[in-house]
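Engineer: I have a structure here, written as structure tokens, and I will follow up with some questions on it.
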Amino acid sequence: MGNQMDRLSHLSYAEVPTVDPNGVDAEDGPRIGVSYIFSNDDDELEDGCAVDGSDKDPNQEEKQYDQRDEVECAVYNRDECIYEKSAKSVNLEVYSPENLLNKCKPGDLVEFVATGQYPHWAVYVGDFQVVHLHRAEVKNSFLTDASQGRRCRIVNELYKFKALGPDMVVQNAMEQVGLKDRELSWRNSECFAAWCRFGKREFKMGGEIRIGKQPYRLKILMTGKQPHVLEFQSLEDMIMEKRRNDHLGRTAVLRELAAHYSRMEEIKSEPGTVHKRWM
């Protein structure tokens with residue numbers, strides 16, 4: 001699409017050093033962010049395609065959404081928590097689109113979720129309608145149409161930034177309707193919706209310069225263990241990785257991390273291995 005750069009796939013955890021999964025989370029331990037050349041995630045899937053781009057099996061039943069497979073995480077900008085998603089911090093209950101309509105107020109952020117899909121975000125603007133970034137265009141749709149059959153919830157409390165007034169949030173959203181391709185300033189639906197509500201340039205493409213120290217830390221929360229940590233140079237980079245994890249689901253993310261650390265232990269045990277410190 002017109003606004004996209006050349007693509008480079010995500011560097012998997014098998015290629016990216018993170019924090020020790022066994023609970024060692026020293027502040028001076030080796031961490032490194034994840035490198036991308038970005039493409040839109042939830043907006044580029046064609047009808048009839050699976051998330052990986054292959055054709056869907058018409059005889060295969062759609063998996064039921066399972067809240068237990070949520071990837072719980074927290075994001076810090078230096079020492080300040082700017083995002084948190086866990087059963088302890090927010091209500092993660094999801095509803096049908098019809099039931100959610102009774103709970104929405106203009107300016108609310110809505111997240112549509114389904115197993116094996118990237119979450120899709122939208123801004124509720126009133127009159128049963130949302131504004132959202134979908135397939136490289138900002139659209140004004142009925143909430144029930146935008147859901148495409150997915151479950152949904154209000155997610156105003158995930159980001160900890162101070163929200164703009166509801167009228168301004170709606171105005172921000174409505175003024176972008178019709179923008180497409182090269183006119184866009186956001187990589188995905190979450191960045192767009194969050195920008196509408198909080199007005200922070202960090203949600204836009206190129207909103208931060210990716211040089212020097214990596215100030216953002218994404219902590220994947222683990223029951224009974226220290227969190228796994230990745231560091232990023234920009235909020236935009238972090239959101240792309242967080243969304244990738246949301247798409248995979250908790251079980252797959254933990255399996256990926258376990259495979260990575262198993263491989264790291266094998267490398268350490270190989271005779272003659274020279275260990276380098278990751279900066």
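Engineer: Going by average Cβ neighbours within 10 Å, how do the peptides 165-174, 96-105 rank, with the highest at the top? Please list the in-between numbers first.
Structural biologist: Values: 165-174: 17.3, 96-105: 14.4.
Packing proxy ranking, top to bottom: 165-174, 96-105.
Engineer: Further question: Please list the radius of gyration and Dmax for region 182-275, considering alpha-carbon atoms only, with Å as the unit.
Structural biologist: Radius of gyration, then largest Cα-Cα span, for region 182-275: 17.0, 54 Å.
Engineer: Loop-only chymotrypsin sites (Phe, Trp or Tyr not before Pro) in region 83-170, please: DSSP not H, G, I, E or B, and at most 16 other Cβ atoms within 10 Å. Show your work: numbers first, answer last.
Structural biologist: Working: sites: Y83, Y95, F112, W121, Y124, F128, F142, Y159, F161; in loops: F128, F161.
Passing sites in region 83-170 are F128, F161.
Engineer: Hand me the trypsin sites (Lys or Arg not before Pro) from region 202-257 located in a DSSP loop with no more than 16 other Cβ atoms within 10 Å, in residue order please.
Structural biologist: Values: sites: K204, R210, K213, R217, K219, K225, K242, R243, R244, R250, R255; in loops: K204, R210, K213.
Passing both the DSSP loop test and the Cβ count: R210, K213.
Engineer: Holding the Cα-Cα limit at 26 Å, pick out from K162/K204; K88/K139; K160/K242; K204/K242; K160/K180; K105/K139 the pairs that are longer than that. Walk me through the numbers on the way to the answer.
Structural biologist: On the way: K162/K204 17 Å; K88/K139 34 Å; K160/K242 16 Å; K204/K242 16 Å; K160/K180 29 Å; K105/K139 19 Å.
Going by Cα-Cα distance, K88/K139; K160/K180 fall outside the 26 Å limit.
Engineer: Mind ranking K88, K180 by accessible surface for me, highest first, 1.4 Å probe?
Structural biologist: Reading off the accessible areas and sorting them downward yields K88, K180.
Engineer: Given the convex hull of the Cα atoms of region 65-265, what is a quarter of its surface area in nm²?
Structural biologist: Numbers: hull surface 47.5 nm².
Taking a quarter of the hull surface, the average projection is 11.9 nm².
Engineer: Continuing with this model, one more query. Report, to the nearest whole %, how much of the accessible area of region 65-265 belongs to carbon and sulfur atoms, 1.4 Å probe, protein only.
Structural biologist: Details: 4090 of 8940 Å².
Of the solvent-accessible surface of region 65-265, carbon and sulfur hold 46 percent.
Engineer: Can I ask one more? Per residue, how many Å² of accessible area does region 65-265 show with a 1.4 Å probe?
Structural biologist: Details: 8940 Å² over 201 residues.
Value for region 65-265: 44 Å² per residue.
Engineer: Calculate the length of the line joining the C-alpha centroid of region 157-228 to that of region 87-127, in whole Å.
Structural biologist: The two parts, judged by their Cα centres, are 16 Å apart.
Engineer: For region 217-265, take the convex hull of the Cα atoms, compute a quarter of its surface area, and give me that in nm², please. Let's see the in-between values first.
Structural biologist: On the way: hull surface 15.0 nm².
Reported value for the Cα convex hull: 3.8 nm².
The values are calculated or read from the model by the stated rules, or taken from the named source; none is laboratory data. Note that this is a predicted model, so its numbers are computed, not measured. Cβ atoms come from the backbone with ideal geometry, glycine included; neighbour counts cover every protein chain shown. Surface areas here come from the heavy atoms of the whole protein model, side chains and all, with no ligands, DNA or RNA. Shrake-Rupley method; radii C 1.70, N 1.55, O 1.52, S 1.80 Å.
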